[in-house]
Amino acid sequence: MSTIQHASRPVPQILVHEVHKPRQTRQWLDWVTTTDHKRIGIMYLVLTFVFFTLGGVEALLMRSQLSVPNNTLVSGLVYNELLTMHGTTMIFLFVVPVMAGFGNYFVPLMIGARDMAFPRLNALSFWLLLLGGIVFYASIFWHPPQAGWWSYPPLSSKLYSPGGGQDAWIFLIHLTGLSSLVGAINFYVTIVNMRAPGMTWGRVPLFVWSILIYAVLLIIALPVIAAAVTMLLTDRNFGTHWFDPTNHGSPVLWENLFWFFGHPEVYIMILPGFGMISEVLPVFARKPIFGYKAIAASTIVIAFLSTLVWAHHLFTAPMPLVVLGFFMLSSFLIGIPTGVKIFNWTATLWRGSLVMTASMMWAIGFIVLFLIGGITGIFLATFPVDWQLNDTYFVVAHFHYVLVGGAVFTIIAGTYYWYPKMTGRLCNETLGKWSFWVTFIGFNLTFFVQHALGLSGMPRRIYTYQEHMGWSTYNFISSVGAFIMATGFVMSFYNFARSYKTGKVAGPDPWKANTLEWFTTSPPPVNNFDSVPRIRSVEPMRDIRLEVEAQTGTLQKTGGSEQFARA
Amino acid sequence: MSRARDLLATLRRRHAVAAAVFLPVAAGTFFAAAQTAAARCCTLPSGGSPNATAIATLYDIILGLGIAVFLIVFGFIAYSVWKFRASKHPVAAQFHGNTRLELSLTAAATMLLVVIAAATFIALPTIIDPPNSNANIGSVLSASLTAPVPPNGKEVTICVMGRQYIWRYTYGANCNKTAWQDRLPYSYQEMEAPAGEVVKLVIQSSDVIHSWWIPALGGKVDAVPGYTTYTWFEALHANVLYHGQCAQLCGREHAFMTAEVNVVPPAQYAAWLRQQSNAIQGQNDQVAQVRRYLVKQGILTSSGNF
């Protein structure tokens, strides 16, 4: 051991140079006109976090309204507007595009490419997203939509939702859908064509795998919702009767079309998060991911099955029994590859050397919460049980465990993990860990009791309830929890904002990670890499480190006593 | 020194006695409290109607399996986080996977789901098929493909019509076809139902999608305009008022679209139907009287227009 010393600074030496061009334009103009995937990625992340904040404020207003029975903070109308805005914002303006943001920034870096395949199309994706958000949020000055994020007709028809908000919602779906579709094609082409030499499909990082499948699912699902909302638009404004039961149209047609998109959408939101976890865990467990092939394969299987389970959202709708049985079994099936993933992540921790950074804590917190969300999903997939639980707070609890405990926790884990790469600075680890615990406790207070609310008969989307229903205590706990959870998220936001100026300088590879994005400076230069090494495994940086270790005798990857673990 | 030891021994003995008394009591209290708490928080309503009870049983089976799976996986994660933290376990084992373990755990997960699927299909007949019923109150209804019918074909039929933001119930066979001609009795918000009889519900909506749901009397069924859906219940206890409310977002007063089912003995139900019919008839007569008067005065035309 005496000849081996801990590396005091990241080795290997980085082989990229920033090309400094004399500045000719204003800085903001640089951002507006950029086609650099990293800048677009940053803009995606900042914009989506703004929408996350807006959606969060809407959630807090709803929780405040429900904190006590017979509350009059908001009216039934405003409450319906809030729940529609909240759901739509979180899904179409936060979780889906935030994954595109991470994908934008890191897919080219992880596969050793200099940019996305179509940089201008990439910029178009971002600006379409912004446009969709503006069109949608402008409706708060007139009549926000109020038919829920599913917008089931006839409630969303002109007769029952006369305001323009519903049309604004339709345009939001069109614009963000176009944005995601263009982005998905871009991701697909980039990943298929622009991988580094030697990066065969068996060596593609798992996050890149998940973005590839995310892109494929978007391409499958988005045209369906685009068609459906166009039909709704013509129903509302041009006298068609696709969904109008008084003229032989069918609301159930909408339910099927919507959820044929809606269920793959759930996996569109969660699969990239799975990918991030599959990157974060091996780095901080200091060992290879357990079952690389199984994780990649399960991603594909989940994507395939996700197009065959949509009608489990319609178990209470008029449908023949055999259809119910089919969709119960297909929904059970999708639990198997998901279980494989949880098993592989747990096994990745097994006999590792766990460095409990903030990123790692959010990642492990994710596994626990997603496990609960997955188990409650089995209750809902069993259609007779769903007859009791559908449209209750049990469902609300379930999908928040999946999408907040699942997707959002992975997003925060990913942000802590990649923040040093994006900004060149480390976040405050202590604050990140405090933020995790506050959020984790607040989250469980908010949503765990909602299972009990659903079991005791509280339907979702009601703006108030009577005291004698016995829901007051759980609702109060849930509302208090929501504010605790919000505090936790604010702590992380503050951390991200402050560390941009005051964080410790990270260097190119602060975590001693495995993938190629750590082979360049932090933040990377415009061209990403001057030269790209030949890829020999799924962990190219580890290979390089081992090589350097063999040549110089300097231990590159220690047992977890790195300085950042104590920071 | 020895006195101290004596004292210690006495204390220990006292503790043992106290523990012997206290622990079972505490454990008993704890389990009783846990059971009550569990009934309040963690189970579905059962005992109201056979279908609700069967669903609650199915739920309990899945809950048991789910808790077991959670504890095992969470145990592994918690153990790993504790045992393999970097400060105690500085060198990570470098292994890439274990195909045999992977496959056997996949098979185990599959088996678990097969068990749940089997339990579902075993419980299903109790949930969707009503048992035999005396049902001398309503008339016998011919079987249809989608409507639930007891083996002996006897059942009480009640039509449920959802509209923003109230439920209307029409009592009697053919209630969704010839209710007006047959002068069937109807009521709003609170449904009267006979105990111990199979009640078939014919569910429709006249505007937007609603969802009929009385938790204690079985699962929910959407009321979709343009469609007719069916469900049934057999209320086992008389003189109970069951509460429920619309479960599908139906507009701004969705929260106040409540429903009550007042379960009464069959004789009382029959009496209530007669009374309701008479009351409605009385009201109709009064309206007709007013109308005749208005026509006579020339305020209304004979076809009822102003």
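Where a number appears in this text, it was derived from the coordinates with a stated rule and is not lab data. Here the structure is a predicted model, which means the values were calculated and not measured. No Cβ is skipped: glycine too gets one built from the backbone with ideal geometry, and neighbour counts run over all protein chains shown.
Give me a comma-separated list of calculated 3J(HN,Hα) values for segment B:109-119, in order, Karplus coefficients 6.51, -1.76, 1.60 applied at θ = phi - 60°, integers in Hz, x for any Gly or Pro.
4, 4, 4, 4, 6, 4, 4, 5, 4, 4, 4
Per-residue Cβ counts within 10 Å, from other chains only, averaged over B:212-225: what number is that? Provide the component values of the computation, followed by the final result.
On the way: counts 1, 8, 1, 9, 1, 0, 3, 10, 10, 4, 12, 2, 10, 8.
Other-chain Cβ atoms within 10 Å of each residue's Cβ, averaged: 6.
Mean Kyte-Doolittle of at least 0.5 and a Cα length of 15 Å or more along the axis: which whole DSSP H helices of chain A meet both?
A:37-66, A:96-110, A:119-138, A:165-193, A:206-237, A:251-285, A:292-306, A:321-349, A:358-381, A:429-455
Bin width 10 Å, origin at 0, all Cα-Cα pairs of segment A:194-286: what percent of pairs per bin?
15, 30, 23, 16, 11, 5, 0
For A:Trp149, A:Trp127, A:Trp387, B:Trp232, which order do you get if you count the other beta carbons within 10 Å of each Cβ and list the fewest first? Write out the running numbers ahead of the final one.
Working: A:Trp149 19, A:Trp127 14, A:Trp387 22, B:Trp232 27.
Listing A:Trp149, A:Trp127, A:Trp387, B:Trp232 from fewest to most nearby Cβ atoms yields A:Trp127, A:Trp149, A:Trp387, B:Trp232.
Can you give the charge dipole size of segment A:387-513 about its Cα centre, rounded to the nearest 20 debye, using +1 on the beta carbon of Lys and Arg and -1 on the beta carbon of Asp and Glu? Could the numbers behind the result be given before it?
On the way: 9 positive and 4 negative charges, 118 e Å.
With only Lys, Arg, Asp and Glu charged at Cβ, the dipole is about 560 debye.
Considering only A:Gly164, A:Trp310, A:Leu93, whose Cα is most displaced toward the positive end of the charge dipole of chain A, charges sitting on Cβ of Lys, Arg (+1) and Asp, Glu (-1)?
Working it through, the farthest residue towards the positive pole turns out to be A:Leu93.
For segment A:416-566, report the translational diffusion coefficient in µm²/s to the nearest whole number, using Stokes-Einstein at 4 °C, 1.567 mPa s, and a Kirkwood Rh over Cα pairs. Each step should come with its number before you reach the end.
Values: Rh = 19.1 Å.
Reported coefficient: 68 µm²/s.
Would you mind checking which residues have amide H under 5 Å from B:Met191's amide H? H placed 1.01 Å from N; only 5 or more apart, or other chain.
B:Glu260, B:Val261, B:Asn262
Report the convex hull volume per residue for segment A:112-199, counting only C-alpha atoms, in Å³.
Working: hull volume 8.6 nm³, N = 88.
Enclosed volume per residue, from the Cα hull, is 97 Å³.
Determine by what factor the alpha-carbon radius of gyration of segment A:350-395 differs from 2.2 N^0.38 Å, reporting the quotient. Don't jump to the answer; show the numbers that get you there.
On the way: Rg = 15.8 Å, N = 46, 2.2 N^0.38 = 9.4 Å.
So the Cα radius of gyration is 1.67 times the expected 2.2 N^0.38 Å.
For segment A:250-316, report the translational diffusion coefficient in µm²/s to the nearest whole number, using Stokes-Einstein at 37 °C, 0.692 mPa s, and a Kirkwood Rh over Cα pairs. Present the calculation step by step, with values, prior to reporting the outcome.
On the way: Rh = 13.7 Å.
It comes out at roughly 240 µm²/s.
Per-residue Cβ counts within 10 Å, from other chains only, averaged over A:337-350: what number is that?
Numbers: counts 2, 1, 9, 5, 0, 6, 8, 3, 2, 9, 8, 3, 8, 9.
Partner-chain Cβ atoms within 10 Å, mean over residues of A:337-350: 5.
As a test of the formula, what do you get for chain A when each DSSP H run with n ≥ 4 contributes -39,500 (n - 2.57) and the sum is divided by the residue count, at 222 nm and rounded to the nearest 500 deg cm²/dmol?
Working: 18 runs with 356 residues, N = 567.
For chain A, the value works out to -21500 deg cm²/dmol.
Just need log10 I(q)/I(0) for segment B:156-293 at q = 0.12, 0.17, 0.22 Å⁻¹, Debye formula, equal scatterers on the alpha-carbon atoms, no solvent, rounded to two decimals.
Rounded to two decimals, the profile gives -0.48, -0.92, -1.36.
So between A:Asn70 and A:Ala297, what do we pick up on full extension, going 0.36 nm a residue minus the alpha carbon distance? Don't skip to the end; give the middle numbers.
Values: separation 227, 0.36 × 227 = 81.72 nm, distance 5.02 nm.
Result for the pair: 76.7 nm of gain on full extension.
Which residues' amide hydrogens lie under 5 Å from the amide hydrogen of B:Val240, considering only partners 5 or more residues apart or on another chain, with H built in the peptide plane?
B:Val263
Given the pairs A:Lys341/B:Lys83; A:Lys501/B:Lys83; A:Lys158/B:Lys200; A:Lys38/A:Lys512; A:Lys433/A:Lys512; A:Lys287/A:Lys421, which are separated by over 28 angstrom at their Cα positions?
A:Lys501/B:Lys83; A:Lys158/B:Lys200
Take the Cα atoms of segment B:215-279, build their convex hull, and give its volume per residue in Å³. It would help to have the intermediate numbers written out before the result.
Working: hull volume 8.7 nm³, N = 65.
Cα convex hull per residue, to the nearest whole number: 134 Å³.
What's the percent breakdown of Cα-Cα distances in the protein assembly as shown across 10 Å bins, shortest bin first?
Using 10 Å bins, I get a P(r) of 2, 11, 20, 22, 18, 12, 7, 4, 2, 1, 0, 0 for the protein assembly as shown.
Roughly how big is chain A's charge dipole about its Cα centre, with Cβ charges of +1 (Lys, Arg) and -1 (Asp, Glu), in debye to the nearest 20?
Values: 33 positive and 24 negative charges, 330 e Å.
Computed about the Cα centre, the dipole is about 1580 debye.
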